[in-house]
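Enquirer: Handing you a structure now.
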Amino acid sequence: MEETNKKVDETSEHDLEPRRMSTVGFRGLLKTLLKNRLSVIGIVVIILMFSLALFAPLLAPYDPNEPDYYNLLKGPSAKHWLGTDDLGRDLLSRIIYGAQVSMTVGLGCTVFSLMFGTFMGVLSGYRGGAWDMVIMRICDMIFIFPGFMFILIMAAALGPGMINIIIAISLFGWAGPARLVRGNVLAVREMPYVEAARAAGASNTRIMFKYVLPNCLAPMIVAAALGLGAAVGMEAGAAFLGIGVQPPTPSWGRELRVGYTYLSTVPLYSVAPGLMITMAIMAFIALGDGLRDALDPRLRGEGKKV
Amino acid sequence: MTRYIIFRLFYAVLLLAGTMVITFFMTRMLPGDPIRAAMQQNLDLRDESIVQEVRARFGLDRPVHIQFGMWTRDFFTGNWGNSLSSGQKVVDMFLQRAPVTLELFFLSLFWSWLIGIIMGVVSALKRNSMLDFGITGISIGGLSIPVFWEAIILIYIFGVWWKILPPSGYVPFFEDPIMNLKMVAMPTFVMATHGMAGVARYVRSCLLEVIGQDFIRTARAKGLRERAVIISHAFKPAAIPVLTIFGGTFGGILGGSFIIELMFAIPGLGRMGLDAIFQRDFPIIQTMAVLGSSCVLIANLVTDIAYGWLDPRVRIYK
C-alpha cells in the first residue's frame with residue numbers, strides 16, 4: 001500500500017488515482033508513528049497535557065484563584081506540593097488550570113490558521129491570476145515581518161482576552177499553510193486524474209474536496225502539529241509580557257513572569273511553569289517530526305519550501 | 001543574472017511598500033489615545049485645547065490617509081518623526097540604541113550558525129549513533145524552550161547561584177570590554193538557541209539527503225577517502241538549501257530581542273519597541289517594524305542572489 005503511494009508520480013496507471021492519505025491508512029500511520037521513540041514520548045505528553053486541561057477541576061487540589069494570605073510564597077510542602085504564589089494561591093492548581101489556556105490557544109490558533117490558510121491557498125492556487133498574485137504577496141509580507149512583533153502589536157490592538165490572542169496569532173500563522181496548500185494545488189491541478197474528474201463533469205468544489213485537498217493532507221497534518229507547538233510558545237511569550245490572557249486566569253506565561261520577580265527566594269515558582277511550556281512545545285515538535293517521517297519519506301528535508 | 005537581480009530588487013521595494021501600509025494601519029488600530037497617555041504625567045488634561053494643539057503638532061488630527069502620505073514622504077527623507085511620549089527625535093533614539101542591539105544581534109547570529117552547522121554536520125555524519133540521538137534531542141529542546149524561561153534558568157544558575165556572570169545590565173564595549181563580554185554572554189546565548197537548533201536540524205537533514213544520493217555512492221566507489229567525499233562532494237549541494245533559512249533566523253533573533261532585552265535590562269531597540277507598543281508610540285512602532293522587516297528583506301535578498309549564483313536552475317527558471 002505504501003509502495004503505491006510513493007510511486008504514484010512515476011506510473012501513468014496510478015496517475016488516474018488521487019494520491020490520498022487513506023492509502024496509507026490511519027492504522028498504518030499509527031503503527032509507523034509508534035515505532036519512533038521520540039514521537040511516542042510526544043504523544044504521551046500531549047495526551048497528558050490535554051487531560052490536565054480537560055479534567056483540571058478534578059485534578060487540582062485547590063481552587064486556583066483562592067488566596068491563602070497566611071501562606072504567601074511558601075516553598076513546597078505536604079499541603080501545597082509546589083508551594084504557593086505571591087497571593088498564597090496553590091501553584092500546582094494554577095499550573096494544572098494553566099494547561100487550559102495553553103491548549104485552547106494552541107488548538108484555536110491551529111484550527112483558525114489552517115482553515116483560513118487552506119481557503120486562501122486553494123483560492124490562490126486554483127483561481128490563479130490576480131487572486132494568486134495578491135494572496136501570495138500578502139504572505140510574503142507576513143513572512144518578512146518580525147513575527148513576534150506582529151503578534152504583540154496585533155494582540156495589543158485587539159485588546160486583552162483569549163479570543164484576541166488566538167486571532168492575533170492566527171493572523172500571522174495562516175501564511176505558512178496558505179503557501180503550502182497553494183504549492184500542492186498547483187502540483188495537483190494538472191494531474192491526469194483531476195483532468196479526468198473534470199472531463200467527467202465534476203464541479204470545482206467536488207474536485208477541490210475530493211481530489212485536490214486530500215493530497216495536501218499529509219503536509220498539513222505535520223504543519224498542524226508543529227504549528228500547535230509554535231502557538232503555545234507565542235501565547236506564553238505574549239502572556240509573559242502581559243499581553244493576552246489577563247489575571248486572575250492562570251496562564252503559564254503569566255505565572256512565569258510573576259515567578260521571575262521572586263527568582264532568588266522561590267526558584268520553583270518560575271521553574272515549574274517554564275518546564276510545562278517547554279514540555280508541551282517539545283511534545284508537539286516530536287510528534288510533528290514523527291508524523292513527517294511516517295507520512296512521507298520524501299519529505300525528510302524538513303521545513304523545505306514547497 | 002543581472003535581470004534576475006533587478007527583478008528581485010524591484011520585488012523587494014514592492015514588498016517594503018506593502019509592509020509600510022500594513023504597519024501603519026496596524027498601529028492606528030491600537031486602542032487608546034497616545035497623546036493623552038503621554039501627557040497624563042505632566043499636563044493638565046482638562047484643558048482640551050492643549051490636547052488638540054499637541055495632537056495637531058504631531059499631525060494626528062489629519063485624516064488617516066493623509067497621515068500615511070506624510071509618514072511615507074518623511075520616512076524616505078530620513079525624518080522619522082518624534083516620539084509621542086518623550087518628544088525626542090526617533091532617528092536619534094534609534095541611533096543611540098542601535099549599537100547595543102546590533103552587538104547582541106551579530107553575536108547571536110554568529111553563534112547560532114557556527115554551533116548549528118557543527119552540530120548538524122556531526123549528527124549527520126554519525127547518523128543513528130548516541131551522539132546523533134543526543135544532538136537531535138538537544139535541538140528539539142532548543143527549539144522548544146521559550147527564551148524567557150531559558151533566560152531565567154541561566155540567570156539563576158550563573159547570576160544568582162554561582163555568581164560568575166552579572167545577572168543583568170549592559171556597559172558599552174569601549175568603556176569596559178571585559179565587563180561588556182561578560183554581560184552579553186547570557187543574552188546572546190539565549191537569543192542564539194532557537195536559531196542554533198533550527199540550523200542544526202536543517203543542516204542534518206540536508207546533508208543526509210545529499211549523502212543518500214547516487215553521486216556520493218559513485219564517489220565512494222571510485223575509492224575516494226570518506227573525508228574527501230564529504231568535503232568536496234557533499235558539502236556544496238547540501239549548503240545550497242541551508243542558505244534559504246538564513247533570512248528566517250534573522251527574523252527570529254530580532255523577535256527574541258524584545259523579551260531578552262527586557263529580562264537582562266539591556267537598553268536596546270527591543271526594549272524601546274516594547275515600551276512603544278505599551279505607550280502607543282506610533283512613530284517608534286512604525287519605524288521599528290519597517291526597519292525590522294527591511295533587515296529580513298535584505299537578508300532574503302542576499303540569500304536569493306547567492307542562491308541564483310550558486311544554483312543556475314533558479315535564475316533560468318525566473
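The values are calculated or read from the model by the stated rules, or taken from the named source; none is laboratory data. Here the structure is a predicted model, which is why all the values come from computation and not from measurement. Reconstructed Cβ throughout: ideal geometry from the backbone, glycine too, with neighbour counts over all protein chains shown. Just so you know, the surface numbers come from the protein's heavy atoms only, side chains and all, with ligands and any DNA or RNA stripped out. Shrake-Rupley method; radii C 1.70, N 1.55, O 1.52, S 1.80 Å.
Enquirer: Determine, yes or no, whether A:Ala224 is at pLDDT 90 or above and either buried (at least 22 other Cβ atoms within 10 Å of the Cβ) or assigned to a helix (DSSP H, G or I) (or both). If you could, list the steps in order and put the result at the bottom.
Expert: Details: at pLDDT 90 or above: yes; either buried (at least 22 other Cβ atoms within 10 Å of the Cβ) or assigned to a helix (DSSP H, G or I) (or both): yes.
When the stated conditions are applied, A:Ala224 passes them.
Enquirer: Does B:Phe278 satisfy the criteria of being farther than 25 Å from B:Ala12 by Cα, assigned by TED's automatic domain parsing to the domain that holds B:Phe235 and either buried (at least 18 other Cβ atoms within 10 Å of the Cβ) or touching a His at 6+ places or on another chain (Cβ under 9 Å) (or both)?
Expert: Numbers: farther than 25 Å from B:Ala12 by Cα: yes; assigned by TED's automatic domain parsing to the domain that holds B:Phe235: yes; either buried (at least 18 other Cβ atoms within 10 Å of the Cβ) or touching a His at 6+ places or on another chain (Cβ under 9 Å) (or both): no.
In short, no.
Enquirer: In contact with a helix residue (DSSP H, G or I) (Cβ under 6 Å, 6 or more places away or on another chain) and part of a helix (DSSP H, G or I): is that true of A:Met120 in this structure?
Expert: On the way: in contact with a helix residue (DSSP H, G or I) (Cβ under 6 Å, 6 or more places away or on another chain): yes; part of a helix (DSSP H, G or I): yes.
Here the answer is yes, as A:Met120 does meet what is asked.
Enquirer: B:Tyr156 - would you say it is assigned to a loop (DSSP other than H, G, I, E, B) and either of a type in the set (Phe, Trp, Tyr) or within 21 Å of the chain's Cα centre (by Cα) (or both)? Show your work before the answer.
Expert: Working: assigned to a loop (DSSP other than H, G, I, E, B): no; either of a type in the set (Phe, Trp, Tyr) or within 21 Å of the chain's Cα centre (by Cα) (or both): yes.
Here the answer is no, as B:Tyr156 does not meet what is asked.
Quick grid of which residues meet (1) open to solvent by 30 Å² or more (accessible area, probe 1.4 Å); (2) not in a loop (DSSP other than H, G, I, E, B):
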position: A:Pro61; (1), (2): yes, no
position: A:Glu66; (1), (2): yes, no
position: A:Asn71; (1), (2): yes, no
position: A:Ser77; (1), (2): yes, no
position: A:Leu92; (1), (2): yes, yes
position: A:Gly98; (1), (2): no, yes
position: A:Val105; (1), (2): no, yes
position: A:Val111; (1), (2): yes, yes
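Enquirer: Just to be sure, is B:Ile178 of a type in the set (Val, Ile, Thr), surrounded by fewer than 16 Cβ atoms within 10 Å (Cβ to Cβ) and out of contact with any Leu (no Cβ under 6 Å at 6 or more places or on another chain)? Step through it out loud before you land on a result.
Expert: Details: of a type in the set (Val, Ile, Thr): yes; surrounded by fewer than 16 Cβ atoms within 10 Å (Cβ to Cβ): yes; out of contact with any Leu (no Cβ under 6 Å at 6 or more places or on another chain): yes.
Against the criterion (of a type in the set (Val, Ile, Thr), surrounded by fewer than 16 Cβ atoms within 10 Å (Cβ to Cβ) and out of contact with any Leu (no Cβ under 6 Å at 6 or more places or on another chain)), B:Ile178 qualifies.
Enquirer: Looking only at region B:159-173, how many residues end up being in contact (Cβ under 8 Å) with a residue 12 or more places away in the chain and either under 20 Å from the mean Cα position of the chain (by Cα) or open to solvent by 30 Å² or more (accessible area, probe 1.4 Å) (or both)?
Expert: We begin by selecting, within region B:159-173, every residue in contact (Cβ under 8 Å) with a residue 12 or more places away in the chain; these are B:159, B:165-173.
If we keep only those that are either under 20 Å from the mean Cα position of the chain (by Cα) or open to solvent by 30 Å² or more (accessible area, probe 1.4 Å) (or both) too, we end up with B:165, B:167-168, B:170-173.
The total comes to 7.
This table checks each residue for (1) open to solvent by 60 Å² or more (accessible area, probe 1.4 Å); (2) among the hydroxyl-bearing types (Ser, Thr, Tyr); (3) over 18 Å from B:Ala197 (Cα atoms).
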| site | (1), (2), (3) |
| --- | --- |
| A:Leu256 | no, no, yes |
| A:Tyr260 | no, yes, yes |
| A:Ser270 | no, yes, yes |
| A:Thr278 | no, yes, no |
| A:Ile285 | no, no, no |
| A:Gly288 | no, no, no |
| A:Leu291 | no, no, yes |
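Enquirer: Tell me, which residue of region B:86-136 that is within 14 Å of chain A (Cβ to nearest Cβ) and in a loop (DSSP other than H, G, I, E, B) is surrounded by the fewest Cβ atoms within 10 Å (Cβ to Cβ)?
Expert: B:Asn128
Enquirer: Collect the residues in region A:135-144 that are at the interface with chain B (Cβ under 7 Å from one of its Cβ atoms) and open to solvent by less than 10 Å² (accessible area, probe 1.4 Å), keeping them in residue-number order. Before the answer, list the steps.
Expert: Applying the first criterion (at the interface with chain B (Cβ under 7 Å from one of its Cβ atoms)) to region A:135-144 yields A:137, A:140-141, A:144.
Residue satisfying the conditions is A:Ile144 alone.
Enquirer: Could I ask something else about it? Counting just the residues of region A:151-163 that are more than 7 Å from chain B (Cβ to nearest Cβ) and open to solvent by less than 10 Å² (accessible area, probe 1.4 Å), which one comes out nearest to B:Leu15 (Cα to Cα)?
Expert: The residue in question is A:Ile151.
Enquirer: In addition: Among the residues of region A:259-274, write down those that are over 14 Å from A:Gly83 (Cα atoms) and either touching a strand residue (DSSP E or B) at 6+ places or on another chain (Cβ under 7 Å) or more than 8 Å from chain B (Cβ to nearest Cβ) (or both).
Expert: Quick first cut of region A:259-274, residues over 14 Å from A:Gly83 (Cα atoms) only: A:260-261, A:264, A:274.
Selection gives A:Thr261 alone.
Enquirer: Say we look at region B:241-272 and pick out the residues that are hydrophobic (A, V, I, L, M, F, W, C) and open to solvent by 20 Å² or more (accessible area, probe 1.4 Å); which of these is nearest to the other protein chains (Cβ to nearest Cβ)?
Expert: Of region B:241-272, the ones hydrophobic (A, V, I, L, M, F, W, C) are B:242-243, B:245-246, B:250, B:253-254, B:258-260, B:262-266, B:269, B:272.
Within this subset, residues satisfying the condition of being open to solvent by 20 Å² or more (accessible area, probe 1.4 Å) are B:243, B:245-246, B:250, B:254, B:262, B:265, B:269.
Values: B:Leu243: 12, B:Ile245: 7, B:Phe246: 13, B:Phe250: 9, B:Leu254: 5, B:Leu262: 7, B:Ala265: 12, B:Leu269: 11 Å.
So the residue we want is B:Leu254.
Enquirer: Out of the residues in region B:137-157 meeting the condition of being in contact (Cβ under 8 Å) with a residue 12 or more places away in the chain and surrounded by fewer than 18 Cβ atoms within 10 Å (Cβ to Cβ), tell me which one is farthest from the other protein chains (Cβ to nearest Cβ).
Expert: B:Ile138
Enquirer: Out of curiosity, is A:Pro273 in a loop (DSSP other than H, G, I, E, B) and under 30 Å from A:Leu38 (Cβ atoms)?
Expert: Working: in a loop (DSSP other than H, G, I, E, B): no; under 30 Å from A:Leu38 (Cβ atoms): yes.
Considered against the rule, which asks whether it is in a loop (DSSP other than H, G, I, E, B) and under 30 Å from A:Leu38 (Cβ atoms), A:Pro273 comes out as no.
Enquirer: Here's a follow-up. Give the residues of region B:187-230 that are away from chain A (no Cβ under 14 Å), over 17 Å from B:Gly141 (Cβ atoms) and in contact (Cβ under 8 Å) with a residue 12 or more places away in the chain, sorted by residue number. Explain how you work it out, then say what you get.
Expert: Here is the first cut: in region B:187-230, the ones away from chain A (no Cβ under 14 Å) are B:187-189, B:192, B:196, B:214-230.
Pick out the ones that are also over 17 Å from B:Gly141 (Cβ atoms) and you get B:187-188, B:214-230.
Those that are away from chain A (no Cβ under 14 Å), over 17 Å from B:Gly141 (Cβ atoms) and in contact (Cβ under 8 Å) with a residue 12 or more places away in the chain: B:Pro187, B:Thr188, B:Phe215, B:Ile216, B:Ala219, B:Val229, B:Ile230.
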